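All of the numbers you see were taken from the coordinates with simple rules; none came from a lab. On a predicted model such as this, the values are computed, not experimentally measured, just so you know. Note: ideal-geometry Cβ built from the backbone for every residue, glycine included; neighbour counts use all protein chains shown.
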Amino acid sequence: MSLSTTTAIKRNPTRTVQIGSIRIGGEHPIALQSMCATKTTDVQATVSQVNHLAAAGADVVRIAVDTKADAAALAEIRRQTTANLSVDIQENYRLAAMVAPVVDKIRYNPGHLYHHERNRTWQDKVRFLVDVAGEHGCAIRVGINCGSVDPAKRDKYPPHDTVHPMLDSALEHAELLDSLGWTQYCVSLKDSDPQKVIQVNRMFAQRRPEVPIHLGVTEAGIPPQAIVKTRLALEPLLREGIGDTIRVSLTVPAEQKHLELEAARQILDDLSAGRTLDPAVANQKGLNIISCPGCSRVENKVFIELARQVQQATADFAAYPISIAVMGCRVNGPGETDQADLGLWCGPSFVNLKRGHELLGAIAYEEIIPRLRHEISVLISQRFAQRRP
Ligand code: SF4
């Protein structure tokens, strides 16, 4: 990767938030985070991965919990590790009451507070989360994600504007938490487009300069391209003092998740030494493959291999500005493929193939690559017939 010399890191004076044994915000070091890609109910594998990530430098390790069985497993995982643990809660927000006693942070996604108990307001659900977090000394992260943004915010703006719905949602939740007297929270605003990550985090930091921010590019994909995308977003923000914790999301096998920490550490070390990505790299355009890093929700473990195959099988289309999204599950797959030209999200025995919002079909794993290549060719012939690169 080509680097050039520029200025070093400075920090915004955000307030301090305690997450287990560490503090983030203000003068505290920028914390590194990662997430387990093992099944949460596989206690042995998850403990092993938590310890592996902590040994590689993770200050906080996130674990997804979607069911009571996951929550019970998390209690056992807690007994077997001293790492700082964050729980990832999606639709089933009530599980927070089961896991708060054993974790250090609760991450919730405002866009997922609409699915369960529809007659209960999202404000009520956040009050519930604050109550359980307060009772057990947990921090909270309001985790906004471009592919699953609060529908009420999304519908306020034209479809091409994905930045303002995220910003509004973050500001609204910060305001509610403030009104509840809750200060132990941070916010993340993630998009798969580095420029949007920069834009939305700058706007949030300008409006709420005291709130600690967790930075990352969602679905950055496979290294080394994923690391380049993450650098493109994080370097300018960190140089402006924005960012108290970071994650580099990589689509890699579970046993290689330590690469996320190595990449994050390298970004911080390079910034401290005044080295940043060469602007020539930043301006490169062409085929953009977005893929999630995988987590316990992955529905078929061949997902990581599929993402790699997509990268290899599309190499000859590299010059075309087309985006392809590859997602591991039904929780975030359908929404987070919407913005891509072609999207794949994995089911247990088939891959859902989309073109924009349109579902083209559920395709067998062994047939998806040739079908994807066919769809790319169709797209290119329609969109770029007049100007072949
Ligand atoms: S898309 Fe699904 S499998 Fe991938 S990281 Fe998100 S929740 Fe996990």
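Can you spot the lysines whose alpha carbon is less than 20 Å from Lys196's alpha carbon? Ignore those fewer than 8 places along the same chain. Answer for Lys196, where 20 Å is the Cα cut-off: Lys153, Lys156, Lys229, Lys285, listed by chain and number.
Between the Cα long axis of helix 225-239 and the first principal axis of the chain there is an angle of about 50°, rounded to the nearest 10. Report, in degrees rounded to the nearest 10, the 0 to 90 angle that the Cα long axis of helix 303-313 makes with the longest principal axis of the chain. Orientation of helix 303-313: about 30 degrees from the principal axis. For a label point 7 Å from the Cα of Glu117 along Cα→C-beta, name the residues of the stretch 47-90 whose backbone N is under 17 Å from it. Once the point is set 7 Å along Cα→Cβ of Glu117, 66-68, 89-90 turn out to lie under 17 Å by backbone N, inside the stretch 47-90. For the peptides 173-185, 153-165, the ranking by mean Cβ contacts within 10 Å, running from highest to lowest, is 173-185, 153-165. Estimated from helical segments only, the mean residue ellipticity of the chain at 222 nm is -11500 deg cm²/dmol, where each DSSP H run of four or more residues counts as -39500 (n - 2.57). Multiplying the residue separation of Glu27 and Gln309 by 0.36 nm and subtracting their alpha-carbon distance yields 97.2 nm.
Based on the mean of other beta carbon atoms within 10 Å per residue, what is the order of 305-313, 70-78, most packed first? Walk me through the intermediate numbers first.
Working: 305-313: 17.6, 70-78: 20.1.
Highest mean packing first, the order is 70-78, 305-313.
Annotation: peptides 318-325, 34-41, 196-203, ranked by per-residue average of other Cβ atoms within 10 Å with the highest first, follow the order 34-41, 196-203, 318-325. Taking 20 Å as the straight-line reach from the Cα of Lys301, the lysines in range (excluding those fewer than 8 positions away in the same chain) are Lys39, Lys257. Taking the longest Cα principal axis of the chain as reference, the axis of helix 122-136 is set at about 50 degrees. Each of Leu176, Pro158, Ile144 was placed along the dipole of the stretch 135-178 (beta-carbon charges, centred on the mean Cα), and the one lying farthest toward the positive end is Pro158.
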